[in-house]
1. Give, as residue ranges, the strands (runs of 3 or more DSSP E) completely inside segment 18-128 that count at least 1 residues that are polar (S, T, N, Q), in contact with a strand residue (DSSP E or B) (Cβ under 9 Å, 6 or more places away or on another chain) and closer than 22 Å to LEU157 by Cα.
2. Tally the residues that are under 25 Å from the mean Cα position of the chain (by Cα) and either hydrophobic (A, V, I, L, M, F, W, C) or closer than 12 Å to PHE52 by Cα (or both), restricting the search to segment 1-35.
3. Which of the residues that make up segment 161-179 are farther than 21 Å from LEU101 by Cα and buried (at least 20 other Cβ atoms within 10 Å of the Cβ)?
4. Within segment 231-270, can you find the residues that are among the β-branched types (Val, Ile, Thr) and either part of a helix (DSSP H, G or I) or buried (at least 19 other Cβ atoms within 10 Å of the Cβ) (or both)?
5. Is it true that some residue in segment 128-139 is without any contact (Cβ under 8 Å) to a residue 40 or more places away in the chain, within 26 Å of HIS191 (Cα to Cα), in contact with a Phe, Trp or Tyr (Cβ under 8 Å, 6 or more places away or on another chain) and surrounded by fewer than 17 Cβ atoms within 10 Å (Cβ to Cβ)?
6. Residues in segment 141-161: is at least one touching an Asp or Glu at 6+ places or on another chain (Cβ under 8 Å) and aliphatic (A, V, I, L, M)?
Amino acid sequence: MASNLILTLTCEDRPGIVAAVTTELAGIGANIAESNQFWDRQTNRFFMRIAFTVPETVSREDIERAIKPAVERFSMKTAMIDSARKPKIIIMVSKFDHAMLHLLYQIRVGWLNAEVAAIVSNHEDSRRTAEIEGIPYHYWPVDKNNKAEQEKKLLSLVAETGTDLVILARYMQVFSDDLSKRLFGKAINIHHSFLPSFKGAKPYHQAYERGVKLIGATAHYVTPELDEGPIIEQDTERVTHAMSADDLVATGRDVESRVLAKAVKNHLEARVMLNGHKTVVFA
């Protein structure tokens, strides 16, 4: 049975990169199923994602050995994942559970290939959902006195479960700078696109008072700079003057759920590559 793998690579752009990699893969019997490339002209960085299959007799070590000359020649930074492996995620949530429920549904129907290692919350509201789904639930209330202790517990949980991605599905607590740095590239947050225009409490109500015509959501990687991490996915919905503030909230919930799920899917399928403060997304 063939193995399905995904190789991502980035390096300074030079002629011959694609040929060097694909030639070596072909030499070990690989069949390329999908290939995406991008050249950032401003930074002269080259990004590539290749999904391919190899005969079961070809090991990971065989692949790494085959592409090593190209990696060394072009000073590539590479990563490779097995598509058959189910990535592990931790979902963090507070009181609003719409984004979390959407993730769980997409996993159940097979659109998202992931295993939920745990649900972590600073409230008890989602415990029943976790019990129904058979997912370990961790109720960790957070205040200024125990914040460092709870973040240490989260890092321990990530390590113990072998978690690949932490998802803040409307988790209404701000990570410390230290935790944000330690989870950089491995934690995704969702927020309404009104930021920074509509900060603080009840952003949809603020938007309603201003008569906005578009509302939206942004999924991004978590960084020490609050809500300013590299953006992975965004979407908007048109609204009208006839809609109430509650209508905007309902529409916002839907957009947030879809945007977060798409960002998570792209990340888990190795379709997102960091490019400084931006991302390259091979969707």
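1. Fully inside segment 18-128 and qualifying: 115-121.
2. Residues in segment 1-35 being under 25 Å from the mean Cα position of the chain (by Cα) and either hydrophobic (A, V, I, L, M, F, W, C) or closer than 12 Å to PHE52 by Cα (or both): 12 in total.
3. Within segment 161-179, PHE175, LEU179 meet the criteria.
4. Of segment 231-270, the ones among the β-branched types (Val, Ile, Thr) are 231-232, 236, 239-240, 249, 251, 255, 259, 264.
Scanning segment 231-270 gives ILE232, VAL239, VAL249, THR251, VAL255, VAL259, VAL264.
5. Taking every residue of segment 128-139 in turn, none turns out to be without any contact (Cβ under 8 Å) to a residue 40 or more places away in the chain, within 26 Å of HIS191 (Cα to Cα), in contact with a Phe, Trp or Tyr (Cβ under 8 Å, 6 or more places away or on another chain) and surrounded by fewer than 17 Cβ atoms within 10 Å (Cβ to Cβ).
6. In the first step, residues of segment 141-161 are kept if they are touching an Asp or Glu at 6+ places or on another chain (Cβ under 8 Å); the result is 151.
This time we only want the ones that are aliphatic (A, V, I, L, M), so: none.
Within segment 141-161 (the criterion being touching an Asp or Glu at 6+ places or on another chain (Cβ under 8 Å) and aliphatic (A, V, I, L, M)), the answer is no, since none of the residues qualifies.
Here, each number is a calculation from the coordinates, and none is a lab measurement. What you are looking at is a predicted structure, and each value in this text was computed from that prediction instead of being measured. Neighbour counts run over all protein chains shown; Cβ positions are idealised from the backbone, glycine included.
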